[in-house]
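Peer 1: Before anything else, here's the structure in question.
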Amino acid sequence: MDWVAIGSALFGIAMLVFIFPRMRHALKHSPKGTMKDWLGYLFPLGFVVLFVAFLIMSVR
């Protein structure tokens with residue numbers, strides 16, 4: 001391993017060490033999603049999945 005790889009690994013570990021407590025705090029104090037929120041997320045995602053499947057089937 002060269003110094004760039006070692007530095008990148010150390011930087012990645014340091015990011016995890018510093019970000020983990022903030023992420024845990026944000027998850028603990030974030031608003032919880034309701035069923036309406038989840039449906040508002042799942043419907044567009046479902047349309048995107050269907051559109052991609054349609055594009056794949058149209059190329060075959």
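Peer 1: Put +1 on the Cβ of every Lys and Arg and -1 on every Asp and Glu Cβ in the chain; which of 35, 16, 54 then has its Cα farthest towards the positive end of the dipole?
Peer 2: Farthest towards the positive end: 35.
Peer 1: Under a crude label model (7 Å from the Cα following the beta-carbon direction), how far is residue 15 from residue 30 in nanometres?
Peer 2: Going by the 7 Å Cα→Cβ label model, 1.8 nm.
Peer 1: Mind pulling up the Rg/Rh value for the chain? Radius of gyration and Kirkwood radius, both on Cα.
Peer 2: Ratio value, two decimals: 1.29.
Peer 1: Under the Karplus relation 6.51 cos²θ - 1.76 cosθ + 1.60, θ = phi - 60°, what is the ordered set of whole-Hz ³J(HN,Hα) values for region 6-23, x standing for Gly and Pro?
Peer 2: 5, x, 5, 5, 5, 5, x, 5, 5, 4, 4, 5, 7, 7, 4, x, 5, 5
Peer 1: For the chain, what does the accessible surface come to per residue with a 1.4 Å probe? Please give it in Å².
Peer 2: Values: 6040 Å² over 60 residues.
I get 101 Å² per residue for the chain.
Peer 1: What's the angle, to the nearest 10 degrees (0 to 90), between helix 35-59's Cα axis and the longest principal axis of the chain?
Peer 2: In the chain, helix 35-59 runs at an angle near 80 degrees to the longest axis.
The values are calculated or read from the model by the stated rules, or taken from the named source; none is laboratory data. Remember, it's a predicted structure, so these values are computed and weren't measured experimentally. FYI the Cβ positions are ideal-geometry reconstructions off the backbone, even for glycines, and counts take in every protein chain you see. Protein only, heavy atoms only, side chains kept; ligands, DNA and RNA dropped before computing areas. Shrake-Rupley method; radii C 1.70, N 1.55, O 1.52, S 1.80 Å.
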